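The structure under discussion appears below in the form of structure tokens.
The values are calculated or read from the model by the stated rules, or taken from the named source; none is laboratory data. The model shown is predicted, which means the values in this text are computed figures rather than measured ones. Positions of Cβ are backbone-derived with ideal geometry, glycine not excepted, and every protein chain shown enters the neighbour counts.
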Amino acid sequence: MSESSLRSRFESLLTGDPGLVIAVLGAIYLAYILAGIVFGFTVRGHMNSLANLTFYIAVFGMLALALNLHWGYTGMFNIGVVGFMGIGVYVTAIFSKPPAAQGGAAQVGGLGLPLGVGVVAGVLAAAVFGAIVALPALRLRADYLAIVTIAFSEIMRFTFMSSTFETFTVPDTFDLTILGTTLISFDPVADTVGFGGGSGLILNYASPLEALLKFLFLWDPYLGLVDFVGEYAIQTNPKPVVDSLVYGLLLLVVVGIYYWLLTWTGESPFGRVLKAIREDEDVANALGKNTDVFKLKAFVLGCALMGFAGVLWYAGRGSITPPSFRPNITFFVWIALIIGGAGSNTGSVLGGAVFAALLYEGPRYIKNLIEAAIDVGDGPGSFGQAMAAFGSFDPVPFLVYTLNSISQLRLVIMGVVLIYLMHNRPEGMLGHRKEVASSIDLSRPEGSVHEEPAATDGGEKE
């Protein structure tokens, strides 16, 4: 490849969608860093805030991309996102947790398989349950499909919480045989596994970051990086901070993989059929496309991606409980998708980044900035006490109460932003973006000698 072609390709990347994503992310990170410097954050405070920001940008970006496959590409109204996330996480935990005898008698044990096997099992389980939901539900449209998916999500949450499935017995041997060929055969070392009921599960296995770095033989260099940070930046216990930041950066790489996969899917003949189904399913059927099959494949793929995103979100935590999978996460993902613009993978990534930076992490970050700069104090314990202070013309107690209640206030902010977007910018940040339906650009080249418009009905030109 010549130097000029390389330069033109690099320039197109910078001026195209990748350049837009990089510019928005750069502006977000710059704003966070400058605000931390102005308000006197320590190095640990800077790294913690950037680690949290990176983590939530990545997970909401992944989930918005997966939801975009359902809604933006195919027009399927799925509001059960968190249910498929939960399936991926719980199945991964069952496969990868050590047996109860090794983890402690009071804990619900697992099968003790490698984490990679557990992740694959979790993703496949999310895909299988996606197919189970899709088979009877895909003939439903709009509100009816939404009801089915959110009902399934709640069914899964109450199943995780149920005492019936707190523990259950596994067979002595497990064989997966297809067409007479045994693909998987192993003897579980645990007699009982389970979902842990309302108490949840303790995830006492290696973190995804540690497992991946050891698999790539990079664990020792990584520990050297931790020692370097501990010597020159954070002298006290630097590893948790470095772990969080590096894990967030790793998740950004996964976002790039999601973006490439779904962009490639959207530009393929399969993706063009999905967009035709979104626009008018009856017309796609009339053209000979089995729309049920296409919708089933898209739904299963999107559910698998949601399951994987759920594993990456929660697998690095010490434990999981059923309340972690309430419907509010699904609506957070929808807000992220709406902010960016449905139907655009670039918009999905930007929406996830803007939602994470401004609406999800933003209010908590502002609280941390203020507390780092001034001594806020305890403040009133109730809204009534905060309002009563206005009788003496003292707004400080109300402001302190508002700051201490920032987690609840951000839900109000999200609602206001969503209402504003629905009224004034329903198409999202990037607006309605036209996509080339054919595999090649059929428009006339610039400077063509044929200046007259071509007929649109196959007849003579008009």
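Structure values in brief
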{"item": "Answer residue from the stretch 214-252, given it is free of Cβ contacts under 8 Å to residues at least 24 places away in the same chain and either among the small types (Gly, Ala, Ser) or touching a Cys at 6+ places or on another chain (Cβ under 7 Å) (or both) and is farthest from residue 52 (Cα to Cα) among those", "result": "224"}
{"item": "Residues located in the stretch 29-76, provided they are within 12 Å of the chain's Cα centre (by Cα) and without any contact (Cβ under 8 Å) to a residue 24 or more places away in the chain", "result": "none"}
{"item": "Filter result for residue 108 (at pLDDT 90 or above, farther than 30 Å from residue 280 by Cβ and not small (Gly, Ala, Ser))", "result": "no"}
{"item": "Residue that is surrounded by the most Cβ atoms within 10 Å (Cβ to Cβ) [pool: residues in the stretch 277-286 that are over 26 Å from the mean Cα position of the chain (by Cα) and hydrophobic (A, V, I, L, M, F, W, C)]", "result": "284"}
{"item": "Scope the stretch 293-314; condition over 18 Å from residue 117 (Cα atoms) and either at pLDDT below 95 or over 14 Å from the mean Cα position of the chain (by Cα) (or both); matching residues", "result": "293, 294, 295, 296, 297, 298, 299, 300, 301"}
{"item": "Answer residue from the stretch 375-394, given it is over 27 Å from residue 360 (Cβ atoms), of a type outside the set (Gly, Ala, Ser) and surrounded by 11 or more Cβ atoms within 10 Å (Cβ to Cβ) and is modelled with the lowest pLDDT among those", "result": "390"}
{"item": "Filter pass, residue 255 being under 18 Å from residue 25 (Cβ atoms), in contact (Cβ under 8 Å) with a residue 60 or more places away in the chain and out of contact with any Pro (no Cβ under 8 Å at 6 or more places or on another chain)", "result": "yes"}
{"item": "So residue 147, is it in a helix (DSSP H, G or I), in contact with a strand residue (DSSP E or B) (Cβ under 7 Å, 6 or more places away or on another chain) and modelled with pLDDT under 95", "result": "no"}
{"item": "Residues (among the polar types (S, T, N, Q) and either more than 18 Å from residue 256 (Cα to Cα) or buried (at least 24 other Cβ atoms within 10 Å of the Cβ) (or both)) located in the stretch 346-361", "result": "348"}
{"item": "Candidates 283, 273, 246, filtered to the one that is within 30 Å of residue 44 (Cβ to Cβ) and not polar (S, T, N, Q)", "result": "246"}
{"item": "Pick from the stretch 48-81, criterion β-branched (Val, Ile, Thr) and not in a helix (DSSP H, G or I), ranking: nearest to residue 361 (Cα to Cα)", "result": "79"}
{"item": "Qualifying positions in the stretch 70-85 - at pLDDT 95 or above and either of a type outside the set (Phe, Trp, Tyr) or closer than 30 Å to residue 230 by Cβ (or both)", "result": "81, 82, 83, 85"}
{"item": "Neighbours by Cβ (under 6 Å, 6+ apart or cross-chain): first from the stretch 113-142, of a type in the set (Ser, Thr, Tyr); second surrounded by fewer than 21 Cβ atoms within 10 Å (Cβ to Cβ)", "result": "none"}
{"item": "Among residues of the stretch 239-276, those that are farther than 20 Å from residue 64 by Cα, under 22 Å from the mean Cα position of the chain (by Cα) and among the small types (Gly, Ala, Ser), counted", "result": "1"}
{"item": "Residue 45 vs. criteria surrounded by fewer than 20 Cβ atoms within 10 Å (Cβ to Cβ) and in a loop (DSSP other than H, G, I, E, B)", "result": "no"}
{"item": "Some residue of the stretch 361-374 being modelled with pLDDT under 85, within 25 Å of residue 32 (Cα to Cα) and not in a helix (DSSP H, G or I)", "result": "yes"}
{"item": "Number of the exception - residue 191 against (1) modelled with pLDDT under 90; (2) of a type outside the set (A, V, I, L, M, F, W, C); (3) over 24 Å from residue 99 (Cβ atoms); (4) surrounded by 12 or more Cβ atoms within 10 Å (Cβ to Cβ)", "result": "(3)"}
{"item": "Test: residue in the stretch 287-302 that is farther than 30 Å from residue 208 by Cα, of a type in the set (Lys, Arg), without any contact (Cβ under 8 Å) to a residue 24 or more places away in the chain and surrounded by 15 or more Cβ atoms within 10 Å (Cβ to Cβ)", "result": "yes"}
